[in-house]
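**Q** Got a structure for you, written out below as structure tokens; questions coming shortly.
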Amino acid sequence: MIAKDMAQMKSLAIKLFEINAFKFGDFKMKVGINSPVYFDLRVIVSFPEVMQTVSDLLVSYIKEQQLTAKHVCGVPYTALPLATLVSVQQNTPMLVRRKEAKNYGTKKIIEGIFNAGDTCLIVEDVVTSGSSILDTVNDLTREGIVVTDAVVVVDREQGGAANIAKHSVRMHSLFTLSFLLNTLLEAGKIERDTVDAVAKYIAACQINSDGTFANDKPQVVNDFVRTRMPYESRANLAKCELAKQLFLLMSTKKTNLCLAADLTKCEEILDVAEKCGPYICVLKTHIDIVEDFSQDLIRQLQNLAKKHNFLIMEDRKFADIANTVSHQYRDGIYRISEWADLVTAHSLSGRSILVGLKAGVTTADSKNRGVFLLGEMSAPGNLIDDKYKETTSKIATEGSFVDFVAGVVCQSKECFSFPGLIQLTPGVKIDETSDKLGQQYNTPEHVIKDKGGDIGVVGRGILQAKCIETAAALYRDRLWAAYIDRVAK
């Protein structure tokens, strides 16, 4: 491949990582084993410039390798848009393979105009075992169509090319997993430990075309299960710069305690921030309940945050349309975007909530701001269901704003799997299970070890203590000890 295309490929590899089409985590594969890496190229349909780049590279590669054929056919369904672009750019007729025949009309499995003996080039997005390509080959062959080559975007290097070759079909790939990993390493996007961990998994998990393992089923430990990873390792995978900062802050300061300073007087908030600052990673505020609010409170809070090395989170729970949210965040007497490192938001309005928040941040501050989306609540009888949680997780990990989402507020480790996000879990208290208003509490150990929380949020457990400094130190120690125990296992 010529140097120009190679530079374009490296740039594309980085872009795929940035839009989270290339993910690290704990993913269940079709073959029944979990993988530390997953390619979700379906997301590229939301990025026309990425689609164009991928199709340009495919066409260039097809010409370079002289992969001539009368037709082109995409493996359903993710590869269909790519095959369509290749067809149009090359002026090559396209065939469409259905996954199942219709039970009405023509009942065809292959759509398009063709003759027996015609040749066809298969286009696929990602190959693991090669079974999806072989299914397409079989359906085309039954119609008398000849298939000798398949071109894919990503080869996971788990046996797919060899499996396909056994059926007299050559597989050609734009990217191998090794190339992608090394490109990200070279660009400083991931660490050497990440490359080595994935390489170890791939070497152990070679798969036959029928989904069985080439050797006995491997006993592979996935090094990217987020609850088993230390914060400093997860910082390397964070797409949000502020999440990266927070991971490293927790790691160096040895605290995963967030103090909910839900107080109504400036003097009280500043007193708590001064006394508890050495023990916390985040100070959470509800600025709209402060009776004597002034910008002087903000200036003093920022000074204390710098002095004691903690971040400020305004628990605003934004939930309106994008334009309104942008004004709520940026304007008014509070001007939240100017001082709050982090804010919370519901995903009720979908991705537009992030559009509005991002619009309220100046370019200079964009890398120093982040949002926690609410995926679950601790209040009994709340209306959040599984569909809402699933959608919130997708918003947090897909699309143009993954670099703005620092984490998810939730009550369970099942809410998301991406290690680069932070789980913020409220409702931590040592000696109570609920209050008279129905707020549910859990011990530090239960929140961190069982629920999968990365940061435990404590309010009244500290604020109502006889000595708030002693209480803050106690919660800090127990939350941190629970985290150390969790990753040690």
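Each reported figure results from applying straightforward, stated rules to the coordinates on display, with no laboratory input. Remember, predicted model here, so these are calculated numbers, not experimental data. Cβ coordinates were reconstructed from backbone atoms using ideal geometry, including for glycine residues, and neighbour counts include every protein chain displayed.
**Q** With 30 Å as the limit, write out which pairs from LYS244/LYS449; LYS108/LYS389; LYS189/LYS253; LYS30/LYS358; LYS23/LYS275; LYS189/LYS489 have Cα-Cα distances beyond it, or answer none.
**A** Cα-Cα > 30 Å for LYS108/LYS389; LYS30/LYS358; LYS23/LYS275; rest within.
**Q** A further question on this structure: In terms of modelled amide H atoms, which long-range or inter-chain residues lie less than 5 Å from the amide H of LEU374?
**A** Placed amide hydrogens put ALA345, HIS346, SER347, VAL409 under 5 Å from LEU374.
**Q** Taking amide hydrogens as modeled 1.01 Å from N in the peptide plane, which residues meet the under 5 Å criterion relative to MET94, leaving out close sequence neighbours?
**A** Amide H to amide H, under 5 Å and 5 or more residues apart or across chains, MET94 pairs with VAL72.
**Q** Most exposed first by the Cβ proxy, i.e. fewest other Cβ within 10 Å, how do GLU111, GLU398 rank?
**A** Ordered from fewest to most neighbouring Cβ atoms within 10 Å, GLU111, GLU398 come out as GLU111, GLU398.
**Q** To the nearest 10 degrees, how steep is helix 192-204 against the longest Cα principal axis of the chain, on a 0 to 90 scale?
**A** Taking the Cα atoms of the chain, the angle to 192-204 is about 50 degrees.
**Q** For THR212 and ILE109, FRET efficiency with R0 = 25 Å and r from the beta-carbon atoms, rounded to 0.05?
**A** 0.45
**Q** Do the sum for the chain: with -39,500 (n - 2.57) for every DSSP H run of n ≥ 4, divided by all residues, what is the mean residue ellipticity at 222 nm, to the nearest 500 deg cm²/dmol?
**A** -11500 deg cm²/dmol
**Q** I'm spelling it out carefully: the read-out is semi-axes √(5λ) of the Cα gyration tensor in Å, the candidates are (1) 34, 26, 21; (2) 49, 23, 20; (3) 41, 28, 21, and one was derived from this structure. Which label?
**A** (2)
**Q** Collect residues whose amide H, placed 1.01 Å from N in the peptide plane, falls under 5 Å from the amide H of MET29; neighbours closer than 5 in sequence don't count.
**A** ASN34, SER35
**Q** Between 0 and 90 degrees, rounded to the nearest ten: what's the tilt of helix 177-186 against the longest Cα principal axis of the chain?
**A** Roughly 40 degrees, rounded to the nearest 10.
**Q** Quickly rank 286-293, 323-330 as a protection proxy: mean count of other C-beta atoms within 10 Å, highest first.
**A** 323-330, 286-293
**Q** If I fit a long axis through the Cα atoms of helix 131-142 and take the longest principal axis of the Cα atoms of the chain, what angle between them do I get, 0 to 90°, rounded to 10?
**A** Long axis of 131-142 versus the principal axis of the chain: about 30 degrees.
**Q** Any idea what the dipole of the chain comes to, in debye rounded to 20, about its Cα centre with Lys/Arg Cβ at +1 and Asp/Glu Cβ at -1?
**A** 620
**Q** Related question: Can you compute 3J(HN,Hα) from phi for each residue in the range 149-166, using the Karplus curve 6.51 cos²θ - 1.76 cosθ + 1.60 with θ = phi - 60°, rounded to whole Hz and x for Gly and Pro?
**A** With coefficients 6.51, -1.76 and 1.60, one gets 9, 9, 10, 10, 6, 10, 9, 6, 6, 10, x, x, 4, 5, 5, 5, 4, 5 Hz.
**Q** If pairing requires two Cys Cβ atoms under 4.7 Å apart, which cysteines of the chain are left without a partner?
**A** CYS73, CYS120, CYS205, CYS240, CYS258, CYS266, CYS276, CYS281, CYS467 - these cysteines have no disulfide-compatible partner (Cβ-Cβ under 4.7 Å) in the chain.
**Q** What is the chain's relative contact order, in percent, from Cα pairs under 8 angstrom and six or more apart in sequence?
**A** 12
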